[in-house]
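Structure, as structure tokens:
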Amino acid sequence: MTVIRLLVAYDGTSFAGFQAQPGQRTVQGALEDALAEIAQRSVRTKAAGRTDAGVHALGQVVTFEDDVLDADVVMRAMPALLPSDVAVIDAQDGPDGFESRRSAKSRSYVYLLWSHEAPHPIYRKYSLWTRETLDVRKINESLRQIVGTHDFTSFGRVRPDQSSERTILRATAVDDLPFIRIQVTGQSFLHQMVRSLVGTAIEIGAGKRDVSFMRDALVARNRQAAGQVAPPQGLTLVGVDYDGIAWPRRVAVSWPWSDAMCSDDVVRCA
């Protein structure tokens, strides 16, 4: 069986999350329906991250095994078979034993805040509007406290078969007004963990909590100790890292989800 790996982007607004659910419109369901049309039989996929309802992706990674389908055939056929809010932006053969979730070394998310006195209709589906002035320095101070390996019980839903211990490799906030971009990279995440961390950081940035609140919530190991869970529309899975895996067809992740346009004469950054 050949492993085929897909790089997938989607607007999560109208999806009930990535994972297939009976009677619900999901990204996995759309992908598997399209693949079944090509293969003329059912195809089961696995994803690097099970994004929640309303969460977007620029670099979701999906794998499946097949003894007939070819990556180039899948790439050419998918645009006609997928709905307009999901796309396969690259398709490649994977090495033996490669699997989107198990082989991943890290996952990177960006949460966008639109920080302005008025909301913006163009960005309403991809960012959270905040009228309050946020102190990005304090947000960064709070995020530094979660880097490393910790018990994140306070910041996520833990299944009975899961460990609550997770490793955060990087967590920063960039002042790129009118956007504030919170970037979190970790080996893996609990359900709603990134949104819970962001929601807590926003409360700190707004002056509703002390910077120490993030650390206090972390050591409490109690779901009630953290701040509010941030709404899903601001969160985007921007990429998944693997050893030796490239995506030749992928274009660079663009601003405002990245720092690509961040320079002194274009925008203000910190």
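The values are calculated or read from the model by the stated rules, or taken from the named source; none is laboratory data. All figures in this text were calculated on a predicted structure; none of them were measured in a lab. A quick note on method: Cβ atoms are made from the backbone with ideal geometry, for glycine too, and the neighbour counts reach across all protein chains shown.
Here ALA20 meets each of (1) touching a residue at least 24 places away in the same chain (Cβ under 8 Å); (2) among the hydrophobic types (A, V, I, L, M, F, W, C); (3) farther than 21 Å from GLY97 by Cα with one exception, condition (1).
No other residue among VAL174, VAL147, VAL194 is within 19 Å of the chain's Cα centre (by Cα) and either among the small types (Gly, Ala, Ser) or surrounded by 23 or more Cβ atoms within 10 Å (Cβ to Cβ) (or both) apart from VAL194.
Beta carbons closer than 7 Å, at least 6 apart along the sequence or on distinct chains, pair a first residue in the range 66-82 that is in contact (Cβ under 8 Å) with a residue 12 or more places away in the chain and farther than 15 Å from ARG44 by Cα with a second that is of a type in the set (Asp, Glu) and surrounded by 11 or more Cβ atoms within 10 Å (Cβ to Cβ) for ALA71/ASP93; LEU81/GLU37.
Might you check whether a residue that is in contact with a helix residue (DSSP H, G or I) (Cβ under 8 Å, 6 or more places away or on another chain) and under 21 Å from TYR10 (Cβ atoms) occurs anywhere in the range 245-263? Yes, some residue in the range 245-263 is in contact with a helix residue (DSSP H, G or I) (Cβ under 8 Å, 6 or more places away or on another chain) and under 21 Å from TYR10 (Cβ atoms).
Note on the range 37-62: among residues that are part of a loop (DSSP other than H, G, I, E, B) and among the aliphatic types (A, V, I, L, M), the one that is surrounded by the fewest Cβ atoms within 10 Å (Cβ to Cβ) is ALA53.
Check GLU117, GLU99 and return the single one that is in a loop (DSSP other than H, G, I, E, B) and assigned by TED's automatic domain parsing to the domain that holds ILE38.
Working: GLU117 fails: assigned by TED's automatic domain parsing to the domain that holds ILE38.
Exactly one residue qualifies, and that residue is GLU99.
Which residues, taken from the range 14-50, are polar (S, T, N, Q) and in contact with a Phe, Trp or Tyr (Cβ under 9 Å, 6 or more places away or on another chain)? Result: GLN24, THR26, GLN28, THR45. Filtered by the rule that a residue be out of contact with any Gly (no Cβ under 9 Å at 6 or more places or on another chain), part of a loop (DSSP other than H, G, I, E, B) and surrounded by fewer than 18 Cβ atoms within 10 Å (Cβ to Cβ), the range 82-96 gives PRO83, SER84, ASP96. Remark: pairs (first residue in the range 130-145, of a type in the set (Asp, Glu); second residue surrounded by 19 or more Cβ atoms within 10 Å (Cβ to Cβ) and in a helix (DSSP H, G or I); Cβ separation under 6 Å; 6+ apart in sequence or on different chains) = ASP135/GLY205.
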